[in-house]
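Please read through the structure below; I'll follow up with questions.
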Amino acid sequence: MTWTHAVFGPSHVGYVGAVLADGSEPGPVYLDPGSGADFHTTREVWAYTGRGSRPAAAGARACCACGWRGGTLPLGRDELGNVGTEAGPHLDTEPFHEDWLAHIEAVEQQTVPLPHPLDALLEQLSSQLTTLALDAPAAALKAVDAVDRLAKDVGRLAARAVEADTPEQLEALGSALGIAPTEAGSRVTRFRLEL
């Protein structure tokens, strides 16, 4: 099971990761899909049961694609045998999810703040569009189309104005947006090219 955030996308995908008895994090487990050359990998705790050639997890912790790691909670033998599978994890993930959400909140706090009047306007726009979607769906579709055009125009203007042509500039932009530098570069390119 993985967690995603609408704003931060693949830069901050969260999951419950395994911790070995020595405190280290095991390498990924390769899952054989049967026939074919594509192998799926995972670092989720359910895959580290000690069966076959896989190491056994001694603990679990919230992990994020950005490299952040939460505190480790020990796993007893019974818990390790009951972590489940990819299709049906049995481990209670709530404490790990809460750790990851706290990490996401910290990431949000480090991003460039929106001016308060704009933030309030966006909340008001969301509320009004939601109401309009329920009361007058055709008008809501018309309004959403207008907002989409506005977003593309402003996005293109911002993407052309931002300095994001060097790795250092992409690093700074990624930090301001709370995403990886490569994702920041993709966002700039997408808006520059109006994709």
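The values are calculated or read from the model by the stated rules, or taken from the named source; none is laboratory data. Quick caveat: nothing in here was measured; it's all calculated off a predicted structure. Heads up, the Cβs are rebuilt from the backbone with ideal geometry, glycines too, and the neighbour counts pull from every protein chain shown. With ligands, DNA and RNA removed, areas are computed over all heavy atoms of the protein, side chains included. Shrake-Rupley method; radii C 1.70, N 1.55, O 1.52, S 1.80 Å.
Among the residues of segment 144-164, which ones are more than 30 Å from Thr131 (Cβ to Cβ) and either assigned to a loop (DSSP other than H, G, I, E, B) or open to solvent by 100 Å² or more (accessible area, probe 1.4 Å) (or both)?
Arg160, Val162, Glu163, Ala164 - these are the residues of segment 144-164 that are more than 30 Å from Thr131 (Cβ to Cβ) and either assigned to a loop (DSSP other than H, G, I, E, B) or open to solvent by 100 Å² or more (accessible area, probe 1.4 Å) (or both).
Sticking with this one: Of all residues in segment 67-94, which are modelled with pLDDT of 75 or more, over 16 Å from Pro28 (Cα atoms) and open to solvent by 50 Å² or more (accessible area, probe 1.4 Å)?
Trp68, Thr72, Leu73, Pro74, Asp92, Glu94
Going by the structure shown, is Val13 of a type in the set (A, V, I, L, M), under 27 Å from Ala180 (Cβ atoms) and modelled with pLDDT of 95 or more? Break it down into steps so the answer makes sense when it comes.
Numbers: of a type in the set (A, V, I, L, M): yes; under 27 Å from Ala180 (Cβ atoms): yes; modelled with pLDDT of 95 or more: yes.
Judged against the criteria, Val13 is a match.
When only residues in segment 165-194 that are under 22 Å from the mean Cα position of the chain (by Cα) and assigned to a loop (DSSP other than H, G, I, E, B) count, which is surrounded by the fewest Cβ atoms within 10 Å (Cβ to Cβ)?
Once the filter is applied, the top-ranked residue is Ala180.
Given Ala133, Ala138, Ala158, Ala146, which one is more than 26 Å from Ala62 (Cβ to Cβ), under 25 Å from the mean Cα position of the chain (by Cα) and hydrophobic (A, V, I, L, M, F, W, C)?
Ala158
On to the next question. Looking at Leu125, Leu114, Leu118, Leu141 in this structure, which one is open to solvent by 80 Å² or more (accessible area, probe 1.4 Å) and in a helix (DSSP H, G or I)? Give the steps one after another, and end with the answer.
Numbers: Leu125 fails: open to solvent by 80 Å² or more (accessible area, probe 1.4 Å); Leu114 fails: in a helix (DSSP H, G or I); Leu118 fails: open to solvent by 80 Å² or more (accessible area, probe 1.4 Å).
Step by step, each of Leu125, Leu114, Leu118, Leu141 is checked, and only Leu141 is open to solvent by 80 Å² or more (accessible area, probe 1.4 Å) and in a helix (DSSP H, G or I).
Going through segment 2-27 one residue at a time, which ones are open to solvent by 40 Å² or more (accessible area, probe 1.4 Å) and either in contact with a helix residue (DSSP H, G or I) (Cβ under 9 Å, 6 or more places away or on another chain) or not in a loop (DSSP other than H, G, I, E, B) (or both)?
Correct list: Thr2, Thr4, His5, Val7, Pro10.
What number of residues within segment 114-145 are of a type in the set (Gly, Ala, Ser) and within 25 Å of Leu177 (Cβ to Cβ)?
3
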